[in-house]
Amino acid sequence: MKEFVLIFRLSNNSDVKPSPEQMQERMNWLGSIAAQNKLADKGNTLSLSSAKTVKPDNIVTDGPYTEIKEFISGYVIVKTANIEEAIEFAKANPIFKIGGSVEVREVIKRDE
């Protein structure tokens, strides 16, 4: 099995407070992956308001706001046989109902 990170993006920069129904829908989605024993890391929600970017020459700016049009709101890591299976998990995520998107990337393990 390979691991893939599903990165959740939103197109606005405000902290989104999901409704109880939206939270339940997300938990159901996550539970369906866990029930298949394919959830490697349940991930976290990432703050949009408490963020800094460190640039060359030790320049620190507020958030990633000037560099991107979509904001990373969180992630999970799934274990699947291939990227196509990870994409199927991503397609079922409820973030699309609020205008979001999901980026799918393979996790490359470094030899220790």
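When the Gaussian network model of the chain links Cα atoms closer than 10 Å, the mean-square fluctuations of Thr53, Thr45, Thr80 top out at Thr53.
For the chain, the tally of Lys pairs with Cα-Cα distances below 26 Å comes to 29, considering only residues 8 or more apart or on different chains.
Taking one quarter of the surface of the C-alpha convex hull of the chain gives a mean projected area of 8.7 nm². Can you give the angle from 0 to 90° between the axis of helix 20-35 and the longest principal axis of the chain, with both taken from C-alpha atoms, to the nearest 10? Its long axis makes an angle of about 50 degrees. Rounded to the nearest 500, the helix-only mean residue ellipticity at 222 nm of the chain stands at -7000 deg cm²/dmol, with each DSSP H run of n ≥ 4 adding -39,500 (n - 2.57).
Each reported figure results from applying straightforward, stated rules to the coordinates on display, with no laboratory input. Keep in mind that what you see is a predicted model, and the values were worked out from it rather than measured.
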